[in-house]
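*Asks:* Following this message is one structure expressed as structure tokens.
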Amino acid sequence: MNNFNNLIMRHFKYIIFSLLLTLGFVGCNQENNDFDIEYASIHPMGGQYSVTVKDELGNKVNTATLYCYLANTTDNSTTKCWLRIGSYSTSATTAYSINGKIDCDLTSLSFSGSNIMNLAGNVTTSSETFNVTGGKIELNGITAPSGTITDKISFTFTRTLKPGKTYTVVGFRYTGWPEDL
């Protein structure tokens, strides 16, 4: 009987030790999964948006999930921001591929730009330009497929590489939910 009690006490001590160790690790977790970048110079506009790009006939030009990014500049300007659709390596010949520094207005949550050098394709210089009009962020302005209410982005753009084409972009701020991918 004494061996049995010792065995139970050993298991009990092991369980208590494991529980305390687990609680210690959980209590020390400093990871923050809040993706809101309130410290950015262009807050609340900046971030990643899942978008659909359509041409002037209403035809969707992207077949897969496509992301648009609004990011602050290296000098933390509150009147300029980077606008990019697609990844850094997306070819500049792709219809929706734009990457350049545009004007933004934090008060009205709007953005635009004319004759912006298109740095799509991860280039440092380009002779191609694009124009952005009607850029707007609407806080809590759209419901994502997951049912999450999030921020809406919308704008139109033209490119010198695609003369006569006007593209319309509409989307929602990235939520992280699998249903929204």
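No lab work stands behind these numbers, since they all come straight from the coordinates. The structure presented is a predicted model; accordingly, all values stated were derived computationally and were not measured. All Cβ positions, even for glycine, are placed from backbone atoms using ideal geometry, and neighbour counts span all protein chains on display.
*Asks:* For the ranges 158-170, 57-69, 41-53, what's the packing order if you count other beta-carbon atoms within 10 Å of each residue, average per peptide, and put the highest first?
*Replies:* Top of the packing list down: 41-53, 158-170, 57-69.
*Asks:* If the viscosity is 1.306 mPa s and the temperature 10 °C, what Stokes-Einstein diffusion coefficient in µm²/s follows for the range 47-176 when Rh is the Kirkwood radius over Cα pairs? Show your work: numbers first, answer last.
*Replies:* Numbers: Rh = 14.8 Å.
My calculation gives 107 µm²/s for D.
*Asks:* How high is the FRET efficiency between Glu56 and Ser91 when r is their beta carbon distance and R₀ equals 22 Å, given to the nearest 0.05?
*Replies:* For Glu56 and Ser91, the calculated efficiency is 0.55.
*Asks:* Mind counting lysine pairs for me in the range 47-176? Cα separation below 24 Å, and the two need to be 8 or more apart along the chain or on different chains.
*Replies:* Number of lysine pairs found: 20.
*Asks:* Follow-up question, since we're still on this one. Going by Cα centres, the range 46-60 and the range 162-181 are how many Å apart?
*Replies:* If we compute the Cα centre of each part, the gap is 4 Å.
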